Structures are given as C-alpha cells and as structure tokens.
C-alpha cells in the first residue's frame, strides 16, 4: 500500500530485466525519462499504477517496481531523495554516461 | 602464475553453460526474480542503480597480460569502456546487460577467469599481499596457500550456504598490506619458536555496521593441518552463527558473543575431530606442486644500484618524485616493486579504461612481465621491475595517464562506488574523494603531510574501509540529504585499529574543508617523525575535533 507522503506526489519506477535500465511508468507503459513519467497525486492512483506495473514483472519485462516521492519545483519534477535524482540522470562523476549523456556521446547501444 | 588444469577448465566451462541456461529460463519466465537472484549473485551479478553490475574474481589480485586484455575487451564490447578495481582486489563492470552476461563469462573463461563466489553467502575470492613473491620482508609467497584455499572453498558443499559471506586473506610479512585483521578469517605465514614454517590463524575481524579487529585463533598451525584448521573454524561458524538476524550473522558477531576463548575451544574440538578422521591433510608435495606455479621469474644477477635509474632520477624531477612514492624494495638486487596509482587527482579511485588496461598489457609484454597485481587500496603493482627499465616504463605509464605520484599519500584515497552506482549506498563517495584530492593536489604539500590513509564508504557496509582509515569518512542519509561522518585513528595495517567517530556529520560542501582543518592541526601538532596516525594516537580526538567543527561553531554562534 502506497503511503501518502508529505509532498503528496509519487512516480513509479522499475529496472528492465534484460539490461537493468531504469524505467518510469507512463500511461500504462514504461518510458526512459523521468520527465515523461506520470506523477500521481493520490495514493489510490499510485497504488493502481503499481498493481498494473507488477503485471510487467509477471511477463518478465521489469523487476522490482516501486513508488518514490517527488516534488514539483516550478513545473519540473524533482525526486526527494538523492538516490532517485542520480538514478534518473546517471553517475554524477561521469556525466558522459547514463541518461544524462547526450545521445551523440553515448556510443553504447542499450536498445534491445 | 597458476594455470587451470583440466578439472578447473571443465568446472568453469560447465558453470558458464549452467548460468546461460539459468538466464534463458529467467527471460522465459520459468524462474522468478526471487528464484533467479541467488543464482545470479553466485555468479557475481548484481542489479544496481543504473544497470546490472558484474564482479569478476581476480584470485589473490594476480592478473596476466592476457587477462588484462580480456578485461579491456569486456569493457569495450559489453560495457562502457572502463572497469573498477575494488577493495577485494576484484574488477567490477557497472553497465553489463543481463542478456550479454553469459557471453561475457564465456569470454572470461577462455583466459581462466570467472565471477564465481564473488557474491553470495559463501567463501569469497581470497585476497593477498600485493607484494607477494617480490618483497624481501616475506617468509614465503602467500599465494600458493591462497590457491589451495580457493580450490578447497570453491563450491564446498558444506560452505555454499553460510549464514553470510565469508572473506579470507593471506599474508606472509610482519607489515600487513592485506588488512588481515579486518577479515572473517586471515592466515599469516609465520615461523614457530623452533624455526618451523606454519600459519597463524585469526578470525572474527570485519567492518560494516559492527566493526571488529580479528582475534588470534591459534598462534601456530602446522602446514599439513591448515585446511583442517580452516575447516574447523568454518564448521563452528556454520553451526553456531545466528541466522535469525541479518546484522548478527557474520563470524565476528559469534566470536564476540561467546568470547574468543570459547571460540578457540570449539574450534579446537572440531579440529581434533577432523584430524582424528585423517581427512583434509595437505600433503607437502601438493603444496609444492601448487607453489611451483608461483615460482618467481629468473632474476638476473644485477648490481643493486642502476646507473640508468639514478641518471634518469637526477635529470627528471617528476620521475624522481614518482620513484620516491611509488617504488618499494624488492628481494632481488637491481629490481624494484612499482605501484601504479589509479588515483589521478580528480579521477575516480580504482577506475581504469580499456585503453589503459591494453596499455598495461603491452608494457607487461614488452618488458617480459608475466603478471600484474591489484591492491586492496585500488591500485596496481608491477612486482618485478628491473631498475634499468623503470624510466622507460614510467614514460609509458605517463602516456597512459597512469603515472600519478601519490602512493600512500593523502590523495591515494580508497572510495567505494557509493551512491553514484550502488543500490545499497546512502551517499556518494567518489565526489568526496575527488574534492579532497583536489584540495591536496600540491605534490609538495602531500609529501610534507606524509603517510595518511583516507578511506571513504557510502554506507555502513564499509566497502570503502572507512573504519580502517587514518581518516575515515562514512556517508549517511539524513532525510534524503548526504552527510559525512568523520572517523579518526583507524588502521588496516599490522597496528589495526577501528577509527573513532568524531561527532555530527558534515554536508557535502563542508567535508573536504573539515578534513583540511584536521590535517592542518596535525601539521602544527606533530612531533618529529610522526605520521598523522601517531599524532592522533598521542593526542586523541579533542584537538582535531575542535578545529574540524570550528567553522560550523562560528557560524552557529
């Protein structure tokens, strides 16, 4: 059961089974970018998404889906915890890697 | 170096095939994540923040040129062009895809490498002194025993499902470079009063949430009895450890709960039973057979002073500086042990690129070096370098950006991957290491400060050995914000000690400054010949604590 948090906003995330990539929930499917993710204002909506997201565990698409807290800062979604900020971007000490990397610099092909 | 025999090769090949099937079954939905997780962990595969992480065993930290090239190949083909050496002398890749891991393991198997028992509740990869076989200080090369322990412990039916992981290290010198006393169990090669060679066995050391320095279990174990004795310790641990609480499952908790005396008694009883059964005797010929693999290269008869080395040292100031910090005495005249620092100022401690790995392999081939070592301090070592070759090798290291001249100094910092990569971390470690290194970048200032070991962990699990740092730093999470606790006075060497926590933590912008104030206080307070650790031991926490919090106190008032 999702807890109503003090910020009140939550996002659903998981890792893709085949390559471990960080994914976010949007409109009943998974997307790559935090900025595109659905932001849930109610615990009921977050729980419903989590339940739907678990369906993708059962079909081997993702592992360990969970909800995390975000705040809305001038229209931008920002995770409350540093951990989720780093997960959404990539290592802070290698800004050429992870989601924060510009596609042209990202030689590694994560498509499957 | 040790070479696989047909059994080793078949064993690793079979394991790769087995894991390939397990991955296929997982992807097909025949295995759930709960069922698959222990299987992947037994093969060193974790799921971290951004991706999977594969931890590859480097037994006792020894690698051949061929293996270095294979690690470079894995970094290039399957990862993002780099790898990370850990405090367990292993290599971690941060970005492999699950679907590629069976191929990675198959490639590694072609050069006698694997990821078996680099995770899970089993006996982990055995570590050793990185100067093994090269230093004049040692009684004998500790690696043959490491290899025997590796063979004994690989898939040991009794010890594959322990309460928790179990780490073993082996050393053979008075000066401890392998953090022996912080291991679940450690073996030190010693002579007894009659001058006979045998082993001192310690157990119950460890870091993490509840740090302990190991207790001596037995001062002297005869050579042929060593496996029987290690097995006796493991049996007592396996039978008596608590399995009800994850924080109390390591052997250190058991030994400190029942007391070292009682532990020694239980181990002795078990040891007597094993001995009486006549099993697990280690025949001298088998020990010698394994030891032959580790025979040192044929050293040339050289004068200890090399004209070429002395001339290069006199004309090239940077080389002289590198030589002063990165070279250690070798057992053979005319040779040196060269440590390659993986701590360039502003770099990531322990990271190495595919090009650097290939470059090191080229240097090894060109200068006829069969092996290279990984250190638990996240550096590398060329164990047998002719002094005549040192300048040429240094020049090539410099071209590879591998000539940092800071071994043992304040910028030679251990740091775990921390919250930049690790799923367990509470705070980042690497940026703190980088900030401190930049603050102390001046080479003359580093040399003035002298030996000072900073060790940083991003969580209480202590992969960055913060308890053993002269200055230890522990990252904690305070309501989603990273804070850093300072610990002073730890040591992972023969004078092992657990650092004392100073007090409330510093935020990410304050921590490097606090370290600098502590170091400045040391420079003012030290007496002749004192390292930071010596001054701390003489004066205690108070003077350092006062200066560390000074700025904060001023701000608060």
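For the list (1) in contact (Cβ under 8 Å) with a residue 24 or more places away in the chain; (2) surrounded by fewer than 23 Cβ atoms within 10 Å (Cβ to Cβ), I need the number of the one condition that residue B:534 fails.
All conditions pass for residue B:534, except number (1).
For region B:333-450, which fully contained helices (runs of 4 or more DSSP H) count at least 1 residues that are in contact with a helix residue (DSSP H, G or I) (Cβ under 9 Å, 6 or more places away or on another chain) and closer than 21 Å to residue B:59 by Cβ?
Because the criterion is at least 1 residues that are in contact with a helix residue (DSSP H, G or I) (Cβ under 9 Å, 6 or more places away or on another chain) and closer than 21 Å to residue B:59 by Cβ, the helices (runs of 4 or more DSSP H) in region B:333-450 that meet it are B:354-366.
Suppose we keep only residues that are in contact with a strand residue (DSSP E or B) (Cβ under 6 Å, 6 or more places away or on another chain) and either assigned to a loop (DSSP other than H, G, I, E, B) or more than 7 Å from chain B (Cβ to nearest Cβ) (or both) within region A:83-94. Which one would you say is surrounded by the most Cβ atoms within 10 Å (Cβ to Cβ)?
Residue satisfying both the conditions and the ranking: A:84.
Kindly provide the set of residues from region B:81-108 that are in a helix (DSSP H, G or I), over 12 Å from residue B:57 (Cβ atoms) and more than 14 Å from chain A (Cβ to nearest Cβ), ordered by number.
Selection gives B:106, B:107.
Okay, residues lined up against (1) in contact with a strand residue (DSSP E or B) (Cβ under 6 Å, 6 or more places away or on another chain); (2) under 24 Å from residue B:232 (Cβ atoms):
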| position | (1), (2) |
| --- | --- |
| B:118 | yes, no |
| B:124 | no, yes |
| B:159 | yes, yes |
| B:168 | yes, yes |
| B:173 | no, no |
| B:196 | no, yes |
| B:200 | yes, yes |
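So in region B:29-44, with the set limited to residues that are more than 10 Å from chain A (Cβ to nearest Cβ) and not in a helix (DSSP H, G or I), which one is surrounded by the most Cβ atoms within 10 Å (Cβ to Cβ)?
B:44
Only one of (1) within 14 Å of chain A (Cβ to nearest Cβ); (2) more than 23 Å from the chain's Cα centre (by Cα) fails for residue B:21. Which number is that?
(1)
Go through region B:181-229 and give me each residue that's touching a residue at least 60 places away in the same chain (Cβ under 8 Å) and under 25 Å from residue B:424 (Cα atoms).
Of everything in region B:181-229, those that are touching a residue at least 60 places away in the same chain (Cβ under 8 Å) and under 25 Å from residue B:424 (Cα atoms) turn out to be B:181, B:182, B:184, B:185, B:205, B:207, B:208, B:209, B:211, B:212, B:213.
Among the numbered criteria (1) surrounded by 24 or more Cβ atoms within 10 Å (Cβ to Cβ); (2) in a loop (DSSP other than H, G, I, E, B); (3) under 17 Å from the mean Cα position of the chain (by Cα), which single criterion is violated by residue B:456?
(2)
Please go through region B:445-461 and pick out each residue that is touching a strand residue (DSSP E or B) at 6+ places or on another chain (Cβ under 8 Å) and either more than 14 Å from chain A (Cβ to nearest Cβ) or without any contact (Cβ under 8 Å) to a residue 12 or more places away in the chain (or both).
Once the filter is applied, which keeps residues that are touching a strand residue (DSSP E or B) at 6+ places or on another chain (Cβ under 8 Å) and either more than 14 Å from chain A (Cβ to nearest Cβ) or without any contact (Cβ under 8 Å) to a residue 12 or more places away in the chain (or both), region B:445-461 yields B:452, B:453, B:454, B:455, B:457, B:460.
Which members of region B:295-351 meet the condition of being crowded, with 20+ Cβ neighbours inside 10 Å and modelled with pLDDT under 95?
Listed by number, the list is empty, since nothing qualifies.
Test residue A:75 against the criterion of being under 24 Å from residue B:479 (Cα atoms) and surrounded by fewer than 18 Cβ atoms within 10 Å (Cβ to Cβ), and give yes or no.
Against the criterion (under 24 Å from residue B:479 (Cα atoms) and surrounded by fewer than 18 Cβ atoms within 10 Å (Cβ to Cβ)), residue A:75 qualifies.
Can you say whether residue B:26 is over 25 Å from residue B:183 (Cα atoms) and within 14 Å of chain A (Cβ to nearest Cβ), as far as the supplied structure shows?
Yes: the conditions hold for residue B:26.
Examine region B:218-241 for a residue that is surrounded by fewer than 23 Cβ atoms within 10 Å (Cβ to Cβ), touching a helix residue (DSSP H, G or I) at 6+ places or on another chain (Cβ under 8 Å) and within 30 Å of residue B:426 (Cβ to Cβ), and state whether such a residue exists.
yes
Give region A:95-105 a look and list any residue that's modelled with pLDDT under 95 and either touching a helix residue (DSSP H, G or I) at 6+ places or on another chain (Cβ under 6 Å) or at the interface with another protein chain (Cβ under 9 Å from one of its Cβ atoms) (or both), or say none.
none
Just to verify a result, which residue in region B:473-492, among those that are in contact with a helix residue (DSSP H, G or I) (Cβ under 8 Å, 6 or more places away or on another chain), in a strand (DSSP E or B) and within 14 Å of another protein chain (Cβ to nearest Cβ), is surrounded by the fewest Cβ atoms within 10 Å (Cβ to Cβ)?
Across region B:473-492, the extreme among qualifying residues is B:481.
Name every residue in region B:264-281 that is in contact with a strand residue (DSSP E or B) (Cβ under 7 Å, 6 or more places away or on another chain) and over 13 Å from residue B:231 (Cα atoms), in order of residue number.
B:264
Going by the structure shown, is residue B:287 in contact with a helix residue (DSSP H, G or I) (Cβ under 8 Å, 6 or more places away or on another chain) and in contact (Cβ under 8 Å) with a residue 60 or more places away in the chain?
yes
Which of the residues spanning region B:45-80 are in contact (Cβ under 8 Å) with a residue 60 or more places away in the chain, within 14 Å of another protein chain (Cβ to nearest Cβ) and part of a loop (DSSP other than H, G, I, E, B)?
Listed by number, the residues that qualify are B:48, B:49, B:50.
The values are calculated or read from the model by the stated rules, or taken from the named source; none is laboratory data. Here the structure is a predicted model, which is why all the values come from computation and not from measurement. So basically every Cβ, Gly included, is an ideal-geometry build from the backbone, and we count neighbours across all protein chains shown.
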